[in-house]
Each structure stands twice: as C-alpha cells, then as structure tokens.
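Okay, structure first, notes after.
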Amino acid sequence: MRKNRPSYLSVVLLWASLATVQAQNAPVLQQAESGTLGADWTTATQNSVQYISVVPTATIAAQNPGTAARVATYTVTFPGPGTYDLYARVRVGAGAANDDSFYYGNGFGTKSPANDNDWITINQVAGVGYTIGSQVVDGAGSAQSNVWKWVNMSKIGGAETPISFTITAGNLTQTFQLGAREDGFDIDKVVFGTTGLYFTVTNLDNGQQGSVNPPPPPFTPVGPPMATGKPKFLGGVHSTPQLANFTAYWNQVVPENAGKWGSVEATRDVMNWTELDAAYKLAKDNGYPFRMHVLIWGSQQPTWIATLPAAEQLAEINQWYAAVAQRYPAIDFLEVVNEPLHQPPGPNSGGGNYLNALGGNGTTGWDWIITSFQLARQYFPTTKLMLNDYSVENTATSAQQYLGIVNLLKARNLIDVVGIQGHAFSTRNTPAASLTANLNTLASAGLPLYITELDIDGVNAQNQLDDQVQLAEYQRVFPVFWEHPAIKGVTMWGYRPGHWRTAQGAQLVNEDNTERAALVWLKNYVKSTTLGTTKADNAAISLFPNPVTNGSFTLKGIAHINTIRVLDIRGQVVQEATLHNQIAVDMKLNLRPGIYVVQLLDGKTVASKKLMIK
C-alpha cells in the first residue's frame, strides 16, 4: 500500500514559511528610559549606558510595586503575531541579594500597582545572567552583581512562575509595564524575542534575530587534577558557581565564603555549617588537603559582636575556635588571621570591632595577632597554622612588613606556613624579577609559602574578554609561583563564570565549560614541568610508639633534620634538641599526659607530628 509522504516542494515551502515568520518577528527592543516613568524612578548615565533605577524606600511590597510611582509604562509595537520571551539587560548592585528583584506585568495592559495577580515577581537575579557576546541567553547563566548582564526573564523566576507574551494579528501594539521592588537594581533595556529561538548576548545588544539552533552541550573535562603526582598541589575554591568539574582540575579545597565567621554565625549562637560541611566533605572524600578560611579577619564578621564588651567578645572568639575545631578535626591548613596589614578586626564596617579584645596592638604592635595564634595552637594543636594577606609580593616594603609579623609568630613557635594571596591587582604591573625577590624575602623566615587566592585577569584595554591577554599574563606570572622552591602549593580563587573577578575576565572556562587558552596552556605546563623537591618533602619520617606511656619515643628517617622541638597545645616549646646528621634519635620527655606537637626543622621547612602522652 502506498503511503502519503510530504513532497520535497512542501518541505521547502514549510522552511520558507518558518524563515519568513522569523524574519518578520524580529526582536523588539525598548530602552528602559524611553517609557513613562513613575515618580520613584530615576534616570542615570554611566560609561555611555543610560539606565533607570528606583529611589530607596523603607518598605517593599511582597508581590507588587505598591504604588503608581514605582511603575514604568511602555508602548510596544510588534512586527507580527507570535509568542515572545522577555529579555532584560540589568545590573544588580553591591547589595547582591538585597538588590536583585523587580516586577513585570502579568501579560500586557495597564496593571493595578497593588494587585498581586497583576504582576510577576522576579527575584534572585544576583547570581544569574550572561555577559559574553557569544553566550546564548537561555537558562540561568552565572553572571554576578555589579556587571551589566542579559537575563531571559521568561525563564528565570526565583519567586513566581515566569511567563511569555502572546501577540495576535490584530493587536500588534501593546502596553507593557515594569515595577520596582528593590533599589540597587538597574535596567538598561528590554527585548522581546521570539520564543523558541536562541539569542546570544550580541544578538540582544544589537536587536538581531536569534537562531533556531540550540547551543551545543557543555564541554566535559576528563581529569584527573592537573597537579596529580606533583610535589605541590594546585587547588580550587569551593562555592556554588565553582563546583562544576572541580575534581577534573584541582586537588586541594578551600571555602570561598562559607568559612567566614559572618557566614557561619550571622545570628548569635545560630550556626550555619551547611556549605562549610560540603567543602570539607569534598576534600576528605577525595583525599585532598583542606584549608579553613578563616578564623580572624576584619571583614565579613558577625555584626552582633561589634558592640559586646571586650571580655564577652573574647569569650565568643574562644567559642568560635572551639566550634570549628570540634566540627572539623582534620583541617590541614588553618588561616588564623587574614589580611592583618589591610583589614584588621577594628571598628570598621563589617570588621567585628574586637581587635582590643585580643590584646590590641600591645608592645609588639601586633599583640592581637599573637593572641589569635596562641588560641589557635591551643584549639588546633596538630594543624598547620597560617597567616594570609594580599599585596605582600609586589613591593619590597610590604614584603618586609609582612615578614616582620611572620617572624614575631615564628619566634613564639606559633606559625607553620605563610599565605600570599596572589591576586591579579597585585601581580599585573609587578615585574617577574620583583615578584621573585619579594618571595625570597618572605622565604627567609624558613617557613613554607603558599599562594592562596590566585587569579589572573583576561580583558583587554577596551574591557573586552581577551584570551590572549590572559594567556600572556599566565605565562608570565604562574611559573614564578609554581617553580619557586619555597612555594609548596597554589590555590586558584575560582575558575568558572561567577568568579569574583568575572567583570575582569579572570575565569578560565567559558559558560559552556570550554577551556580558555590560559587553561589549555596551564594544564600542559603543570604536567610537563619538573619540580625540584627538598628532603623534607619526601623524607619517610617515623615516630613511635605513639601514644607513649613513659615519655620515651624514637624518631627515624631524620638524617636531614637539624632541630627537633616539642610544643604544648599553647604553642610553647617544652623541649628542644639539636641534631648532627643522625639517622635516628631517642627522645625522653618528662611531661604531663596530653597532646603535643613535634616539629622537625631542616633549615628550610618545618614538618610536624602529633604526639600523645598517656
């Protein structure tokens, strides 16, 4: 039996008809400032971008603008009938989650400002959107705050189910309305694009028609982490935007924000460990070193602690230390104090205002840091304790000042490793020779160095994403850190879109996970570069028995060790011995039962062993 099949001519006519509809229904662009704006809207221009925003208000209605003053009205004429998605070019302010919502009309027509049913609430825009010209604006995306970005508002809800808009043949001109919710939310323009087509950022910027072809599926790297088998780790930061394909690239973990005191205990005695637990679990499940960021810092601290009496502040600090130590018993590296030269916990905004509770400047000028580390040695007796700061590698003066603090702590046996953040704003204009010289200065303390927050920007002079700019800077800067003998590990402070320096192009992959040129180079460089090791890196040092019952134990594999120190949980040296090319040594300690730390020094590095005396 003969079956009816569409003729070749009918298929051609069908595609021609679709093409005609697509050409007819071109995207419709509206500049935000072109509408009739209610009294609470303001117009501003910055860097040639004219946009609208809303004046601050003390109250925000839950599901509607509230008053006509907070409504913007547009008359929109469409080229033809069809269904359209609503796109908007927006910028979320510094308040992030407090600046990232607005309303649009639930369909066309004039809406009642106070009627919930008349409005679609769009929220949680802070962490979504697209900024790069070739990116298809479909789904969430991961652009952050303080950048202009495109969002498909017909696919992003966050509060209510979003909608598309239908135009019939006899009603091509319609009234469309926007409503203000939070101040700090800026709107540059909106575009109505045919539903079912795929629009890139460039398409929307220029009013160009989208494509019938969906974006290709995301690229999936195969791993393993690029520093696998190397004597140094190359780690990554744990946060939601940075987790995709983490274990294909990185073999050390540090939380980006989850370990900051203000994140954990925003409300006094109410602890939120969820994301910090996840970061710790990622490290331990994969056998990666875990760095805790951070105990003491003059930013992102609990607001409630700032007004407490000093004695009460110190009690809270002890509780914070104890809570972290109890929950995470196998921290490998602990940032005790972050950014002491730049952001001490004084009376500044977000700083905690508890510096004096820790001893203030005192006789050393840095007594508060010493107290912080003494407490850390007490609560974390077997963890490597770290000081961390930025812009200490770009000038000789800053390196010397930082070294002074390190040496104060080292003289008291309170510090094990030194952190150097390594951000792009510190390295960009610093010659490689200067970076090396300043690293040498910091290495003179005889402690291992770690690059803790590396990022390298990737935009050109026109502020456009530029792979070659980023590649050249990686090739200039990264080997200085990776090949320096005192540096024992490097941590990237993000690598995906959603990076804290996304606006500066510091991400190493694109939205679809494809690798930018710098990451392709980095993988090959790390894999092919042979690194020298010190004896302390690969020595098989053993301590036995452990625990001990009479204070006697033996150390073996110590031919390169010249000094042995035993420290109590307060960081105080209780016994010290000098060695001379000995393969093994018997030690006898007359100490009370408890936990102690045995430090092994070879003049360049410090290894630590936990010792328990029964």
* To do: Can you give me the three principal axis dimensions of the range 420-496 from its C-alpha atoms, in Å, biggest first?
  => 43, 25, 17
* Set Lys281/Lys614; Lys556/Lys614; Lys232/Lys610; Lys111/Lys189; Lys488/Lys588; Lys230/Lys260 screened for pairs whose C-alpha atoms are more than 28 Å apart -> Lys281/Lys614; Lys488/Lys588; Lys230/Lys260
* Global size of the chain as Cα Rg and Dmax, reported in angstrom -> 29.4, 102
* To do: Tell me the label-point distance for the pair Gln401, Asn546, using the 7 Å Cα-to-Cβ offset, in nm and rounded to one decimal.
  => 3.9 nm
* Structure fact -> Going from the fewest other Cβ atoms within 10 Å to the most, one would list Asp512, Asp457 as Asp512, Asp457
* Can you work out the base-10 log of I(q)/I(0) for the range 24-206 at q = 0.11, 0.12, 0.16, 0.17 1/Å, using the Debye formula on its C-alpha atoms alone? -> -0.41, -0.50, -0.93, -1.06
* To do: Pop out the ³J(HN,Hα) list for the range 120-127 in order, Karplus 6.51 cos²θ - 1.76 cosθ + 1.60 with θ = phi - 60°, rounded to Hz; leave Gly and Pro as x.
  => 9, 8, 10, 9, 6, 8, 4, x
* **Protection proxy ranking, peptides 284-293, 96-105, 432-441, average beta carbon neighbours within 10 Å, highest first** => 96-105, 284-293, 432-441
* Residue order, fewest to most surrounding Cβ atoms within 10 angstrom, among Trp304, Trp150 -> Trp304, Trp150
* Remind me, what semi-axes does the range 368-421 give for its equivalent ellipsoid, largest first in whole Å, using sqrt of 5 times each Cα gyration tensor eigenvalue? -> 22, 11, 8
* Asked: Toward the positive end of the charge dipole of the chain, about the Cα centre and with charges on Cβ (Lys, Arg +1; Asp, Glu -1), which of Thr363, Asn388, Pro79 goes farthest?
  -> Asn388
* Put a dot 7 Å past each Cα toward the Cβ at Thr57 and Val520; how far apart are the dots in nm? -> 5.1 nm
* To do: Sort out for me the Cα centre separation of the range 414-459 from the range 170-194, rounded to whole Å.
  => 47 Å
* **the chain - charge dipole about Cα centre, Lys and Arg +1 at Cβ, Asp and Glu -1, debye rounded to 20** => 1840 debye
* Structure fact -> One would report the Cα pair-distance distribution of the range 195-320, bin width 5 Å, in %, as 2, 9, 14, 14, 10, 10, 10, 10, 10, 6, 3, 2, 1, 0
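Taking every DSSP beta bridge with both residues inside the chain, roughly what % is antiparallel (nearest 5)?
Details: 75 of 104 bridges.
The antiparallel proportion sits near 70 percent.
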* Calculated P(r) of the range 106-218 - Cα pairs past 21 Å, % -> 42 percent
* Could you give the length gained on full extension between Ala433 and Val459, defined as 0.36 nm per residue of separation minus the Cα-Cα distance, in nm? -> 7.0 nm
* Asked: Could you work out the helix-only [θ] at 222 nm for the chain, with each DSSP H run of four or more residues adding -39,500 (n - 2.57) and the total divided by the number of residues, to the nearest 500 deg cm²/dmol?
  -> -7000 deg cm²/dmol
* **the range 69-197 - charge dipole about Cα centre, Lys and Arg +1 at Cβ, Asp and Glu -1, debye rounded to 20** => 240 debye
* To do: Using only the Cα atoms of the range 433-472, each taken as one equal point scatterer with no solvent, compute I(q) by the Debye sum, divide by I(0), and report log10 of the ratio at q = 0.17, 0.25, 0.29, 0.34 Å⁻¹.
  => -0.65, -0.84, -0.94, -1.06
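Every read-out reported here was derived from the displayed coordinates using simple, explicitly stated rules and does not represent laboratory data. This structure is a prediction, so every number in the text was calculated from the model and none was measured. Cβ sites come from the backbone with ideal geometry, for glycine too, and all protein chains shown count toward neighbours.
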